[in-house]
1. Set Lys and Arg Cβ to +1 and Asp and Glu Cβ to -1, take the dipole of the stretch 26-187 about its Cα centre, and tell me which of P32, V110, S127 lies farthest positive.
2. At a 10 Å Cβ-Cβ cut-off, how would you order I59, I142, fewest neighbours first?
3. Hey, fewest Cβ within 10 Å first, where do Y50, Y28 land in order?
4. Report the label-to-label distance for T42 and D30 in nanometres (one decimal), using points 7 Å from each Cα along the Cα→Cβ vector.
5. Each residue of the stretch 23-37 in turn: what ³J(HN,Hα) in whole Hz from Karplus with 6.51, -1.76, 1.60 and θ = phi - 60°, glycine and Pro shown as x?
6. List the residues, sorted by chain then number, that are 5 or more residues from H56 or on another chain and whose placed amide H is less than 5 Å from its amide H.
7. Might you report the magnitude of the Cβ-based charge dipole of the stretch 26-187 about its Cα centre, with Lys and Arg at +1 and Asp and Glu at -1, to the nearest 20 debye?
8. Using only the alpha carbons of the stretch 26-187, what is the convex hull's orientation-averaged projected area in square nanometres?
Amino acid sequence: MKRTLLLALAVVAVASLSFAQQPWIGLYTDDPGYSDCNLEDTAPGLCAVYMVQGGHSAISAEFRIDNTNSGGILNTGINWNVPVAIIPSGETLFSAGASLGYGACLVSPVKLGTLNYFCQGTTPACSSLDVVAHAQTGEATIADCTLPSPVVIIATTLKLTINGDVSCPCGVPVETTSWGQIKALYSE
């Protein structure tokens, strides 16, 4: 009995460790806590949303923000916290995505940048900003700190709700838009 219990605890510990190592990219309203993924838009004013990569030490990230369900908040700019932010010419973080270089191996969590918004106090409940796959690569990824060749890892993408409630929780992974991508996970 003790041996079975010890084996079960070991399996849980290994599973917990592997889950904790899974990289993610999310959006939060609290800095530096990165635990509040719901933006309350109740009155006109400036709102800040922090783009954060966590779960794994890394040297770079690549993703896009889908703001089609943002309910009318207006982006006024982006302040990057990393030395390299590449967005294809004529595109935006919202249309094509960004490829970010950290300049060094950074320990999770990493604040990638701040999205600045003008909130109008009129955003419908359950609106959202979603981290999604980069338009050119078709994935949201990080590159880990393995030397001399970093390993590219697919990151879990999380959403930020705007005026969320129990029917639309925040921090929920964004659904993949391609059934082929899901099937590919099981073919390896």
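Throughout, read-outs are computed from the coordinates displayed, never taken from laboratory work. Source: prediction; values computed, not measured. Cβ placement follows ideal geometry from the backbone for every residue including glycine, while neighbour counts extend to all protein chains displayed.
1. Of P32, V110, S127, it is V110.
2. I59, I142
3. If I rank by nearby Cβ atoms, fewest first, I get Y50, Y28.
4. Distance between label points: 1.6 nm.
5. x, 9, 10, x, 10, 9, 9, 10, 10, x, x, 6, 10, 9, 10
6. Distant-sequence amide H within range of H56: W24, S108.
7. Once rounded to the nearest 20, the dipole reads 280 debye.
8. 10.2
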